[in-house]
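Below is one structure, written out as structure tokens, with a few remarks after it.
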Amino acid sequence: MLSRLGPCFPCRRRRAEEHSSERGDHLLSGTTMRNETDGVKQNCLLSVFSFCCTPEAPTSNPAATDGHPPPTEQEEPPNESLAYEQTLEKKLFCEAGRLLIAREERLFGEIQEPEAPTGHQAEVTELADCRRVLLDLVLQTLRLSLDPGEAGAAAALASAVKAVEQEEAQDRLWDQRGRKPPVWRPCAWKEVHDSTLRGLVEERMDNPSTPPSAVQAGQSSVQVDVCAMGRQMKEDLLQVASVVRSCYPPETNICHLYIQAYHRTFSARLRKIADFGLEDKDCTFLLRWVNEYYPLVLQKPQMAGEMDVAALGKLLPEELLKPLEDQYLSRREEELTTFGGRILEDAKDKWNKGEEPTREDGCFVSPVSYDIIQLINEMVTSAEKVVGDLQKAQTITRQLKGIMHRFKIFQSDVIKKNKASSRPVVKAHLGCIEQFRDFLNTKRHLFTEEVGKDCLLVLTDMKLSAQAYLLKPVHQVLKPEYRKLGTSGWLNKNLFNRLLGGIEEELQGLQGSIGSCHQELLGKLHQEVTVEYVRRLLKGAKLKNEEQQAKACNTVRDNAESLYKLFLKMGSEDVWLKDILTKIAEVLRLQDLPAIQIQVASLGADHPDLSEKQLSALLKLKTNLSKADRRTVTDVLSVTREEWSTAGGRGAARAFFSEVRVK
């Protein structure tokens, strides 16, 4: 930067119209350097400024400074032998400014009348010319401050900044004096400084440097322009933070000024771009700059704490952002529907061709859930960054319910046609259903509450239909053995072992689902077998005496234990089903009415879905109980149910008896 600033000398021309309009022509515009400063002869310079380098004797006249001390300076006083032109050559703008202010004080501090004596006019004119030259050099230094630094560039900038501060201090001093100031006061160099920097920012954003390597293949003209402006802004702000900031006093907060200027300029350029209809790719790119890339630039460690980023606001106003967001979100919603549909179609095509799902660790698996989950996760996560709002990003999942319905229709078709590959496909679907449920429950922030609930309901229906499809053949095989439960032969012969053998054999055919799904399927079968056992028992042979009732109790207990051990061996741990049969067995054994009431109360408290009709059927097996006794016991169930309901329930009671149909 220093090599580009040649020494500049004051002009000897004395055009009255220029002298009287210094602030309007030079200070407020502050954009061009006077051409007449070039080529002035050295002897003319020395003849004009020889007085500037002569040290002044202290004045005893208090009116010379109107009773105020001269402005304090941070730099050391210039060497007396250092001529004025040398301060400009060495870019010591603060020193040069101090010399001019000293001359101003000599000329105007001694004058008490509003008009300067004629004898001083030549010196006043020369001083005005010098001030113009100094301002031009200061502004030129400011305009070069964002370029890569050369040796001494920072020192020159720091001196220019001090020169501006000196002029501001002198303006304030004249404002305190109760008389007419020189024509150039107030000079408002700080305003010129700020407007120059804002103009510099606009110029650099209008003509950003774009290295050929920075342009990527396939980029649109919009993307190239925005990237170039963004890169220029980033590089310039880092230059401000690393170099320029150190040339200003901390209270100046120069980073704040630059950030605001770049924000305002970048925003204006993006508004022009957003006013035109953008293709989807350009729309996405623009939103990412507004909501993702731009905040990252301002959050660089070098810029930390320099500006309240939130206070700047968005680069685009809401009236321009919303159409862009709607366009982007609508497109992403369509893509989710399209890609999700393709995933299901691929799975359906394989099934139509008779292909079985692949196996992992002996279990059938389907890529449907994994692919759709990855798709949703990526889309919503990226959409949140692009639009800068999770709630808005969630809207693209509105079509997820439709995808789940299509998945459900696909499974229903698989079950209905019951091909050779249908059972493996349904087993694989159980794993998909579980993965979808886990995803919806653990990643709730990705969906609206309504979408999450609707999808979970669809998945519950799918799971129940899949389990029913896989278990239906098992119950068909076991049906002959079910018929023997509760009969007199069941009490007198060991018929239950045949049922256990049939169950164990059928369990082999249920394998193929992933571990947790297989365990849940076994638990479902365990519950359905127990339900069928209780249903057959309640309509079974009557127990006429205490001996038969005791024998029935022992048989039910043994059956419950054997059934539990079998399913435990296969992977089900539903001990609560064994407890139901054990409590029923106790009701059959007990003869004392109060004891029966206590047992029924316990059973009813654990299973509020136990109905009076079911309890009555159980008590009717004990033929030695009178109708009045049965009524007394069922009344206990009514009281227990009321207490349970009043207390709001005791946790999530498992439904069991609601599945037991009694005529």
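The values are calculated or read from the model by the stated rules, or taken from the named source; none is laboratory data. All values reported here derive from a predicted model rather than from experimental measurement. Because the Cβ atoms are built from the backbone with ideal geometry, glycine has one as well, and the counts that use them run over all protein chains shown. Surface areas here come from the heavy atoms of the whole protein model, side chains and all, with no ligands, DNA or RNA. Shrake-Rupley method; radii C 1.70, N 1.55, O 1.52, S 1.80 Å.
With every protein chain kept in place and ligands, DNA and RNA left out, what is the accessible area per residue of segment 558-663? Probe 1.4 Å, answer in Å². Write out the running numbers ahead of the final one.
Details: 5330 Å² over 106 residues.
Per residue, segment 558-663 has 50 Å² of solvent-accessible surface.
If we sort 592-605, 156-169 on the protection proxy, mean other Cβ atoms within 10 Å, highest first, what's the order? Provide the component values of the computation, followed by the final result.
Numbers: 592-605: 17.0, 156-169: 22.8.
Final packing ranking: 156-169, 592-605.
Calculate, for segment 463-531, the solvent-accessible area per residue in square angstrom, rolling a 1.4 angstrom probe over the heavy atoms of the protein chains.
Working: 3010 Å² over 69 residues.
Result: 44 Å² per residue.
Would you mind pulling out the separation of the Cα centroids of segment 533-567 and segment 573-610, in Å?
13
Any chance you could run the full-extension gain for S638 through A122? It's 0.36 nm times the residue separation minus the Cα-Cα distance, nm to one decimal.
On the way: separation 516, 0.36 × 516 = 185.76 nm, distance 11.71 nm.
So the chain would gain 174.1 nm between S638 and A122.
Using a probe of 1.4 angstrom, how much of the accessible area of segment 504-592 is carbon and sulfur, in percent? Before the final figure, lay out each step's value.
Numbers: 1660 of 3810 Å².
Carbon-and-sulfur percentage of accessible area, whole number: 43.
Counting only heavy atoms of protein chains, what accessible area per residue, in Å², does segment 210-361 have with a probe of 1.4 Å?
I get 52 Å² per residue for this part.
Note the full-extension length gain between N545 and F276 as 0.36 nm times their separation in residues minus their Cα-Cα distance, in nm to one decimal. Walk me through the intermediate numbers first.
Details: separation 269, 0.36 × 269 = 96.84 nm, distance 9.31 nm.
So the extension gain works out to 87.5 nm.
Could you please state how large a percent of the accessible area of segment 116-184 is carbon and sulfur, counting protein chains only and using a 1.4 Å probe?
Numbers: 1330 of 2370 Å².
C and S fraction of accessible area: 56 percent.
Whose amide H sits under 5 Å from the amide H of T487, counting only residues 5 or more places off or on another chain, with H placed in the peptide plane?
Amide H neighbours of T487: A541.
When a/c is below 1.5 the answer is rounded, else prolate if a/b is larger than b/c, else oblate, so apply that to segment 529-663 with a ≥ b ≥ c taken from the square roots of the Cα gyration tensor eigenvalues. Before the final figure, lay out each step's value.
Numbers: a/c = 1.81, a/b = 1.08, b/c = 1.69.
Oblate is the answer for segment 529-663, as a/c is 1.5 or above yet b/c matches or exceeds a/b.
Distance check, please: which entries in K353/K392; K419/K524; K353/K472; K524/K620 exceed 32 angstrom between their Cα atoms?
Values: K353/K392 41 Å; K419/K524 24 Å; K353/K472 25 Å; K524/K620 29 Å.
Distance filter (> 32 Å) returns K353/K392.
Dividing the convex hull volume of the Cα atoms of segment 329-412 by its residue count, what figure in Å³ per residue is obtained? Can you show the working numbers first?
Values: hull volume 7.6 nm³, N = 84.
In segment 329-412, the Cα hull volume divided by residue count equals 91 Å³.
How much length would be gained if the chain were fully extended between E612 and T448, taking 0.36 nm per residue of separation minus their Cα-Cα distance, in nm to one decimal? Don't skip to the answer; put the middle values down first.
Values: separation 164, 0.36 × 164 = 59.04 nm, distance 4.25 nm.
Going from the current span to full extension adds 54.8 nm.
So if I take the centroid of the Cα atoms in segment 433-498 and the same for segment 170-185, what is the distance between those two points in Å?
93
Can you work out ³J(HN,Hα) from phi for every residue in segment 496-508, in order, using Karplus 6.51 cos²θ - 1.76 cosθ + 1.60 and θ = phi - 60°, giving whole Hz and x for Gly and Pro?
5, 5, 5, 5, 4, x, x, 4, 4, 5, 6, 4, 4
Counting only protein heavy atoms and a 1.4 Å probe, tell me what percentage of segment 355-431's accessible area is made up of carbon and sulfur. Don't skip to the end; give the middle numbers.
Numbers: 1790 of 3640 Å².
Accessible surface attributable to carbon and sulfur in segment 355-431 totals 49 percent.
Determine ³J(HN,Hα), in whole Hz, for all residues of segment 397-412 in sequence, where each value follows from phi through the Karplus function 6.51 cos²θ - 1.76 cosθ + 1.60 and θ = phi - 60°; x replaces Gly and Pro.
With coefficients 6.51, -1.76 and 1.60, one gets 8, 4, 7, 5, 4, x, 5, 5, 5, 5, 5, 5, 5, 4, 5, 4 Hz.
Using amide H atoms built in the peptide plane, which far-off residues or other-chain residues are under 5 Å from T358 H to H?
So T358 has HN proximity to V365.
In nm, to one decimal, how far is the modelled label at S516 from the one at D308, with both set 7 Å along Cα→Cβ?
4.6
Show me, for segment 238-252, the HN-Hα J-couplings you get by feeding each phi into the Karplus relation (A = 6.51, B = -1.76, C = 1.60, θ = phi - 60°), rounded to Hz, glycine and proline as x.
5, 5, 4, 5, 8, 10, 4, 4, 5, 8, 10, x, x, 5, 5
Between W576 and N497, what is the FRET efficiency for a Förster distance of 25 Å, r being their Cβ-Cβ separation, to the nearest 0.05? Don't jump to the answer; show the numbers that get you there.
Numbers: r = 24 Å, r/R0 = 0.94.
For R0 = 25 Å, the calculated efficiency reads 0.60.
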